[in-house]
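Below is one structure, written out as structure tokens; comments come after it.
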Amino acid sequence: MKILVCDPMESSAVERMRLAGLTVDVRDSITPDELNSVLKDYDGMVVRSRTKVRAPLIDLAPNLKVIVRGGVGLDTIDADYARSKGITVLNTPLSSSASVAELAIGFMIALARAIPATTASMRAGKWEKKKFEGDEIGGKTLGIVGIGNIGKEVAKRALALGMDVVVYDPHAVAPEHLTRVSLDDLLSQADYITFHMPLTQETRHMIDAAGFAKMKPGVRIINCARGGIVDEDALYDALVSGKVAGAALDVYAQEPCEGHKLFTLEQVIGSPHIGAATREAQQRIGAEVAEKLIEFYHQMG
């Protein structure tokens with residue numbers, strides 16, 4: 001069984017697959033044109049967020065039997081179309097949950113204490129002690145939109161920091177110790193709102209201008225899920241008006257994101273989609289990808 005690894009992956013996981021009898025080619029900087037020409041020769045492929053697997057590409061790969069996404073979401077893959085062609089589509093939903101959750105919590109604290117702005121001030125040779133009066137996050141209400149694996153990890157950490165947690169998710173079952181509310185109630189109650197849902201037709205722009213209008217003045221927004229869940233133009237307007245006091249973003253509607261107008265605002269901080277980019281998560285992702293492919297290989301007989 002021939003596997004094409006299209007994005008960076010732990011070398012130990014690649015070696016593990018080879019030892020199990022898989023033929024693994026690593027081309028982790030392959031271009032879309034190159035992928036179009038070579039995928040027909042492979043039975044399986046491993047992708048991360050860089051490589052997009054859309055219907056036209058799938059049609060060029062008659063031998064393709066399995067696609068494994070190293071990560072949580074499947075929005076970069078036309079998964080239903082692939083399955084309609086008899087292709088198994090897998091991901092690694094647990095491997096990066098802690099890493100993304102820790103980034104979301106870190107963003108909350110960074111917003112509350114203006115850590116990036118204080119650092120910039122110090123780098124400029126200033127000592128603006130009186131300027132940077134922050135807030136404690138303990139005692140504040142955190143609204144978690146999406147209570148899957150990552151949302152649960154965020155809730156656990158937020159509760160340990162003394163936050164009150166309310167959650168909204170129309171699909172997942174929230175743990176009994178968490179308060180489940182409607183989306184409107186979450187928007188009106190929360191001091192911080194963090195998103196942990198996939199990007200679907202249902203969730204695209206689920207927070208728009210009308211959603212921001214329902215929020216508390218001074219709310220802070222964190223998005224480490226997927227760009228497009230929050231309407232970025234509406235977020236910009238809410239920040240400029242002061243309705244939203246700050247936003248922390250790891251994901252964007254268009255990626256890579258360069259020269260985005262949101263980053264002309266001092267109250268916005270961000271990162272280039274690094275939620276799963278920890279050594280520990282990468283090791284777990286690689287191990288889980290290898291495990292799933294080896295299991296699939298054995299099931300094929």
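None of the figures in this text is laboratory data; all of them are computed from the coordinates on show. Please read all numbers here as calculations on a predicted model, not as lab measurements. Please note: Cβ atoms are built from the backbone with ideal geometry, for glycine as well, and neighbour counts cover all protein chains shown.
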Check your understanding: How large is log10 I(q)/I(0) at q = 0.18 Å⁻¹ when the Debye formula is applied to the Cα atoms of the range 52-166, each weighted equally and without solvent?
Key -> -0.91
Study note, to complete from the structure: Ratio for the range 27-80, C-alpha Rg to 2.2 N^0.38 Å, reads 1.02
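With Kirkwood's inverse mean 1/r over C-alpha pairs for Rh, give me the Rg to Rh ratio of the range 129-220, two decimals please. Please report the intermediate quantities before stating the final value.
Details: Rg = 13.7 Å, Rh = 13.8 Å.
Rounded to two decimals, Rg over Rh is 0.99.
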Practice item. Springs between alpha-carbon atoms under 10 Å, Gaussian network over the chain: tell me which of 73, 275, 125 tops the mean-square fluctuations. Key: 125
Review point. Just going by the charge dipole of the chain, with Lys and Arg at +1 and Asp and Glu at -1 on Cβ, which of 56, 195, 76 is farthest out on the positive end?
Key: 195
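Using the Cβ atoms and a cut-off under 14 Å, what net charge is assigned to the surroundings of residue 295, where Lys and Arg are +1 and Asp and Glu are -1? Before the final figure, lay out each step's value.
On the way: positive: 16, 65, 292; negative: 288, 291.
Once all neighbours under 14 Å are counted, the net charge is +1.
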Point to revise | Total formal charge among the other residues, if their Cβ is under 15 angstrom from that of residue 19, Lys/Arg +1 and Asp/Glu -1 | key: -2
Check your understanding: If you add up the charges near residue 207, with Lys and Arg at +1 and Asp and Glu at -1, over every other residue whose beta carbon is less than 11 angstrom from its beta carbon, what do you get?
Key -> -1
Revision key, fill the gap. With N residues in the range 1-97, Rg(alpha-carbon) / (2.2 N^0.38 Å) equals 0.99
Practice item. Calculate how steeply helix 149-160 sits against the longest principal axis of the alpha-carbon atoms of the chain, using the helix alpha-carbon long axis, and give the answer as 0 to 90 degrees to the nearest 10. Key: 30
Review point. Who wins for biggest fluctuation among 122, 17, 108 in a Gaussian network model of the chain, springs between alpha carbons below 10 Å?
Key: 122
Study note, to complete from the structure: A correct Stokes-Einstein calculation for the range 64-109, using the alpha-carbon Kirkwood radius, 25 °C and 0.890 mPa s, returns a whole-number D in µm² s⁻¹ of 203
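Which whole-number percent is the relative contact order of the chain (Cα, under 8 Å, 6+ apart)? Numbers along the way, then the final one.
Values: 544 pairs, mean separation 51.0, N = 301.
Reported relative contact order: 17 percent.
Per the Kirkwood formula on distinct C-alpha pairs, the Rh of the range 97-270 is how many angstrom? Don't skip to the end; give the middle numbers.
Working: mean 1/r = 0.0614 Å⁻¹.
It is 16.3 Å.
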**Study point:** Angle in degrees between helix 97-113 and the longest Cα principal axis of the chain, rounded to the nearest 10
**Key:** 20
Check your understanding: Comparing 265, 103, 187, which has the greatest mean-square fluctuation in the GNM of the chain with Cα pairs linked when under 10 Å apart?
Key -> 265
